[in-house]
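To start, the structure under review is shown below, and the notes come after it.
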Amino acid sequence: MEKLPPLVELRAFDAAARHLSFKKAAAELGVTPTAISHQIRLLESYCGRALFRRRPRPLSLTDAGARLFPAIRSGLEAFAAAIAAVKRDDDQRPLRVTTTNAFASRWLVSRLPAWRKLHPNAPLEVIGTDGVLDLQSGDADVAIRYATSRAALPEGIAEELLRDTFWPVCNPDLLSTACLKTPTDLARHVLIHCFWAPTDRDPPTWQRWLAAARRRWRDVPEFKDLQHT
């Protein structure tokens, strides 16, 4: 394939040839007439032929310019049509949202009908996975993830959606009797907590809650063996 001149020079020539005016071409492309003149001269140097008759006015195409103009106009229109087709195809590509399985099932999915009312024609794909997908490589478009700080997030645009609040819970019957009234009473009960990966920093475990409780109440018991669920 023959080497082509830069696209900026071809666009400058196309605009100037359509308007037969460097000034109008400059206004269309958002540059100065001097820039258009410079780009045309570069293209003429590349072609080895004059493409415009600058004198006498008005501006007109030479025979070489008249031969070149239809080909460049057709090529630029083909570029524009192809890009528009690609953009239309992209409009039909689903928005891929990835999040954890738990967040997808307990929070996101139940809110999708409200989102669908606002965007009835927008295709959407929810990817529930506890693995972290790479947005940069195109595995997904949006990721909803837990993070303790923005510094823990990969590069990109990040917005805080909401925050979690964790509470210790128990069977209501224990609270209705004298079985559980103070943290000290926990010594008579089995504490069950969820498993958190070792890579999670400061997970909401019983150990963390008990450490905080000891700073507020006396005689909070030590628990070395906690059952996992």
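The values are calculated or read from the model by the stated rules, or taken from the named source; none is laboratory data. The structure displayed is predicted, hence computed values, not measured ones. Here the Cβ is made from the backbone with ideal geometry for all residues, glycine too, and neighbour counts use every protein chain on show.
Can you name the residue in the range 163-184 that is within 37 Å of the chain's Cα centre (by Cα) and surrounded by 10 or more Cβ atoms within 10 Å (Cβ to Cβ) and is also farthest from THR148 (Cα to Cα) among such residues?
Ranking the qualifying residues of the range 163-184, first place goes to PRO168.
Which pairs turn up if I take residues in the range 10-32 that are in the same structural domain as ARG53 (by TED's automatic domain parsing) and assigned to a helix (DSSP H, G or I) and look for partners that are among the acidic types (Asp, Glu) and buried (at least 20 other Cβ atoms within 10 Å of the Cβ) with beta carbon separation below 9 Å, at least 6 apart in sequence or on another chain?
Between residues of the range 10-32 that are in the same structural domain as ARG53 (by TED's automatic domain parsing) and assigned to a helix (DSSP H, G or I) and residues that are among the acidic types (Asp, Glu) and buried (at least 20 other Cβ atoms within 10 Å of the Cβ), the close pairs are ALA25/ASP14.
Whether any residue in the range 129-136 is outside the structural domain of LEU210 (by TED's automatic domain parsing) and at pLDDT 85 or above is what I want to check.
Yes, that holds for at least one residue.
List the residue pairs whose Cβ atoms are under 8 Å apart, where the first residue sits in the range 59-75 and is in the same structural domain as ALA15 (by TED's automatic domain parsing) and free of Cβ contacts under 8 Å to residues at least 24 places away in the same chain, the second is in a loop (DSSP other than H, G, I, E, B) and surrounded by fewer than 17 Cβ atoms within 10 Å (Cβ to Cβ), and the two are 6 or more positions apart or on different chains.
THR62/ARG49; THR62/ALA50; ALA64/ARG49; ALA64/ALA50
Which of the residues spanning the range 45-71 are under 15 Å from LEU4 (Cβ atoms) and crowded, with 17+ Cβ neighbours inside 10 Å?
LEU68
Would you check which residues across the range 113-132 are surrounded by 11 or more Cβ atoms within 10 Å (Cβ to Cβ) and closer than 16 Å to ALA102 by Cβ and list them?
VAL126, ILE127, GLY128, THR129, VAL132
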